[in-house]
1. To make sure I understand, if each residue's beta carbon is the centre and we count other beta carbons within 10 Å, what order do SER157, SER74 fall in, fewest to most?
2. With a sphere of radius 13 Å drawn around the Cβ of GLY21, what net charge do the other residues whose Cβ falls strictly inside it have (Lys, Arg +1; Asp, Glu -1)?
3. Stretched out fully, how many nm does the piece from SER13 to TYR253 gain, at 0.36 nm a residue minus the Cα gap?
4. Please list the non-local residues whose amide H lies under 5 Å from the amide H of ILE141, H modeled 1.01 Å from N, same-chain partners needing a gap of 5 or more.
5. For ALA147 and SER304, what does the FRET efficiency come to when R0 = 30 Å and r is the distance between their Cβ atoms, rounded to the nearest 0.05?
6. Most exposed first by the Cβ proxy, i.e. fewest other Cβ within 10 Å, how do LEU191, LEU16 rank?
7. Report, in debye and to the nearest 20, how large the dipole of region 192-292 comes out about its Cα centre when Lys and Arg carry +1 and Asp and Glu carry -1 on their Cβ.
8. Can you sort ILE216, ILE230, ILE36 from fewest to most other Cβ atoms within 10 Å of each residue's own Cβ?
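Laboratory data are not the source of any read-out in this text; all were calculated from the coordinates shown. Please read all numbers here as calculations on a predicted model, not as lab measurements. Ideal geometry is used to build each Cβ from the backbone, glycine not excepted, and the neighbour counts take in all protein chains shown.
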Amino acid sequence: MAGKPPLKEAIESTSLLIVAGKGGVGKSTISAAAAIAAAGLGRRTALVGLAHSRPATELLQALGEEAPIMAAISPKLRIFELRPEEILIEYLEDHGMASLGRRLISTGVVSVVSTAIPGIRELLVLAKLKQMERSGEFDSIILDAPASGHLLTFLSSPKGLADIANVGLLRSQADDVQALLTDPSRSKLVLVTLAEETPVSETSQTYAQVEDQGAIALGPVVVNALQAPIRLSPQARKALASLAERDDRADAYRFVAAKAHLQEENLAELRRRLPGCRMARVPFIFSTGLGVEELAGLAEHLLSEVSDDH
């Protein structure tokens, strides 16, 4: 059953979209395209990357504003990179403790604090996102999240810290972040995958684990880099049949046809494993590199691609 474009609906219905997936599936590309899409809708948008994983933010920063598309959306789009240590120092400065913050940096205490307490680094990042969401400065915040192997730890950090901190600032921050993540009108998780066996398996497991954990509302799954089946006319089929067995053109057709067929099988398996999940299909881009035109095309596609529900 086709419905509204799932990515467009997710962008318009929530303040924070956390985009995650296995390394190599195009998570950062989809994050950047989603940010362009949100800004293109007229929403004041923040694209957020993390210090140890910066592809999405670096991708857009590298493009600059020379292209007409970027110049048009740039007033609506801001790019941020979050570092837990800097967030902690910023908090101290906001509360009149700038000199303490400088001493903590010079003595290396900040690094010790941010690594000694399990989950504190993740909570600092999420608390900053909560602050951005509450500020009213942005309509959409797109986070290029950690790879799926670290995602559950990232999302579960508020609950884990709330369990060990009965009172005080740590507990109140953890509770506020949990309230942000578990409210589907404020936050959703978008998982990105390829229609390949291993990514499909890992995405299905991650989806089920997040669902069981209840740490965040689940949004659509984006199936990236899909090869469209080649539709041949009778004349083209006849011409193909006349080619020699080892003709490069015939080899290319067989390769693309086999890849498209295998992807459809893996996509069917993903639907079987996640029967209630809305999915968006994203086509493979034939390009030596992603530029602003390609990202803008992906953004336009994300805003028009109807749900792939069955």
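1. Details: SER157 24, SER74 16.
Ranking SER157, SER74 by Cβ neighbours within 10 Å, fewest first, gives SER74, SER157.
2. On the way: positive: LYS22, LYS27; negative: ASP144, GLU196, GLU202.
Net local charge, GLY21 excluded: -1.
3. Working: separation 240, 0.36 × 240 = 86.40 nm, distance 4.16 nm.
Contour length minus the Cα-Cα distance gives 82.2 nm.
4. HN-HN under 5 Å from ILE141: LEU16, LEU17, ALA46.
5. After rounding, the FRET efficiency stands at 0.60.
6. Working: LEU191 31, LEU16 24.
Taking fewest neighbouring Cβ atoms as first place, the list is LEU16, LEU191.
7. Values: 12 positive and 12 negative charges, 105 e Å.
Approximately 500 debye in magnitude.
8. Details: ILE216 25, ILE230 12, ILE36 29.
Ascending Cβ contact count within 10 Å gives the list ILE230, ILE216, ILE36.
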